Amino acid sequence: MQNSDDKDVNRREFLIRCAKAGVSALAAGTIAYKFYDSEGPGSSESILPGVVLPDFSIIEQKGRIAIAQGSDRIKTIQTAFKALGGIEQFIRKGDRVLLKVNAAFASPPLLCATTNPQLVAEVAQICLKAGAAKVLVTDNPINDPVSCFRLTGIEDAARSAGASVILPKESLFQPITVSGGKLIRNWPLLYDPLKDINKLIGIAPLKDHHRSGASMTMKNWYGLLGGRRNVFHQDIHGIITELAMMIKPTLVILDGTTTMMSNGPTGGSLSDLKETNMMIVSTDQVAADAFGAGLLERKLQELPYIAKAQAAGAGNADYESLKIIRTSVSEK
């Protein structure tokens, strides 16, 4: 049986615990409020001077798309470039080229959650053979950049091909505001790899995405953003649209050799994958994604950002109306 002193001690302990719990709850609420944005990103009225990206596209090559069928990535990318008249139509002697890859996750190439390293190496080599003065490879991964670039095989593949890998760090970011955009305002951009190049190629795997429905060439530019970019999940289709407004690439490459049909963007099981055996190379990122939607067994209505990007002038979702070239690679 407890005496009165014990009861007083227990009562005091109870009150102290309640007080601590109250402080913890208040602190948690304060932290939650601090990270809560009731109006969404980009609500600031003042726009600071920021960087301006050039148009990396080639006017006379606009509206072109090549689709090469085959299971060998090296052969299909070579065939797709040849169908477009050769890489020399896009990369010339002295060009400074950036390959924007998807190295978001520290996962092996087999899972197809990231850009295939063999494809990165081949594109880098093709550009260098065409006379490019330098080829850079970059991304701002979701996981630790060093681990991501190593485990995906992208770092070794890029360097073995003669390209330089740029890992993100704070000093490489500069603020950018997308003209006509509502989301990307005063937002940190991985600008340093972009500032001295004149050609930009995006290389993305084709995969499911649990928020946007698909991750393809336009979503790939998400890896150029810094900051608390997860707030953009409030309007995932809006942010992909603005990414397409922000970046006007020389080329995009959509790797549909093996497609992640489910549990994207990370996957994790071979059962998530399907051999679709297509390599898409285009000067029109909207057209490339519209074609990719079919391989992913998605209707365009299920991917609203494609129509939004077209409406914003980023490209043409009606890829059949473009200068489309279909070809196939012999498996012998």
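Checking the structure you have, find out if any residue of region 290-299 is acidic (Asp, Glu) and buried (at least 23 other Cβ atoms within 10 Å of the Cβ).
No: zero hits.
Do you know which of the residues in region 52-94 that are part of a helix (DSSP H, G or I) and either on the phi > 0 side of the Ramachandran plot or of a type in the set (A, V, I, L, M) (or both) is surrounded by the fewest Cβ atoms within 10 Å (Cβ to Cβ)?
ILE59
Collect the residues in region 117-147 that are touching a Pro at 6+ places or on another chain (Cβ under 6 Å) and either crowded, with 24+ Cβ neighbours inside 10 Å or closer than 22 Å to LEU53 by Cα (or both), keeping them in residue-number order. Those that are touching a Pro at 6+ places or on another chain (Cβ under 6 Å) and either crowded, with 24+ Cβ neighbours inside 10 Å or closer than 22 Å to LEU53 by Cα (or both): LEU136, THR138, ASN140. The strands (runs of 3 or more DSSP E) found entirely in region 122-222 that carry 1 or more residues being aliphatic (A, V, I, L, M) and more than 22 Å from SER282 (Cβ to Cβ) are 164-166, 173-176, 187-190. So SER271 ticks every box in (1) among the small types (Gly, Ala, Ser); (2) surrounded by 24 or more Cβ atoms within 10 Å (Cβ to Cβ); (3) free of Cβ contacts under 8 Å to residues at least 12 places away in the same chain but one. Which box is left unticked? Every listed condition holds for SER271 apart from (2).
Scan region 95-114 residue by residue and report those that are in contact with an Asp or Glu (Cβ under 7 Å, 6 or more places away or on another chain) and not aliphatic (A, V, I, L, M). If the condition is that a residue be in contact with an Asp or Glu (Cβ under 7 Å, 6 or more places away or on another chain) and not aliphatic (A, V, I, L, M), then ARG96, LYS100, ASN102 are the ones that fit. With respect to the conditions (1) crowded, with 17+ Cβ neighbours inside 10 Å; (2) touching a Pro at 6+ places or on another chain (Cβ under 9 Å); (3) among the charged types (D, E, K, R), GLU242 lacks only one, and its number is (2). Among the residues of region 217-241, those identified as in contact with a Phe, Trp or Tyr (Cβ under 9 Å, 6 or more places away or on another chain) and of a type outside the set (Val, Ile, Thr) are MET218, LYS219, TYR222, LEU224, LEU225, GLY226, GLY227, ARG228, ARG229, PHE232, HIS237, GLY238. The conditions of being touching a residue at least 24 places away in the same chain (Cβ under 8 Å), touching a helix residue (DSSP H, G or I) at 6+ places or on another chain (Cβ under 9 Å) and surrounded by fewer than 16 Cβ atoms within 10 Å (Cβ to Cβ) are met by PRO108. Taking the residues in region 260-285 that are polar (S, T, N, Q) and not in a loop (DSSP other than H, G, I, E, B) as candidates, determine which candidate is nearest to GLN69 (Cα to Cα). Checked region 260-285; the qualifying residue nearest to GLN69 (Cα to Cα) is ASN277.
Scanning region 106-121 for residues that are part of a loop (DSSP other than H, G, I, E, B) and in contact with a Gly (Cβ under 9 Å, 6 or more places away or on another chain) yields SER107, PRO108, CYS112, ALA113, THR114, ASN116.
Would region 128-138 turn up any residue that is of a type in the set (Lys, Arg), in contact with a Lys or Arg (Cβ under 9 Å, 6 or more places away or on another chain) and over 18 Å from THR217 (Cβ atoms)? Yes.
Restricting attention to region 300-332 and to residues that are charged (D, E, K, R) and surrounded by 14 or more Cβ atoms within 10 Å (Cβ to Cβ), the residue that is nearest to the chain's Cα centre (by Cα) turns out to be LYS308. Scanning region 101-160 for residues that are acidic (Asp, Glu) and touching a strand residue (DSSP E or B) at 6+ places or on another chain (Cβ under 8 Å) gives ASP139, GLU155. Residues of region 293-332 that are outside any helix (DSSP H, G or I), within 26 Å of PHE232 (Cβ to Cβ) and among the polar types (S, T, N, Q): ASN316 alone. Among the residues here, THR257 does not qualify as β-branched (Val, Ile, Thr), part of a loop (DSSP other than H, G, I, E, B) and modelled with pLDDT of 95 or more. Out of all the residues in region 45-53, is one or more at pLDDT 95 or above and either within 23 Å of ALA287 (Cα to Cα) or hydroxyl-bearing (Ser, Thr, Tyr) (or both)? Yes - at least one qualifying residue is present in region 45-53. Criterion first (touching a Gly at 6+ places or on another chain (Cβ under 6 Å), outside any helix (DSSP H, G or I) and in contact (Cβ under 8 Å) with a residue 60 or more places away in the chain) does LYS248 satisfy it? Taking the combined requirement at face value, the residue does not satisfy it.
The values are calculated or read from the model by the stated rules, or taken from the named source; none is laboratory data. Just so we're clear, the structure is a prediction, and the values are computed from it rather than from any experiment. Note that each Cβ is placed from the backbone with ideal geometry, even for glycine, and that neighbours are counted across all protein chains shown.
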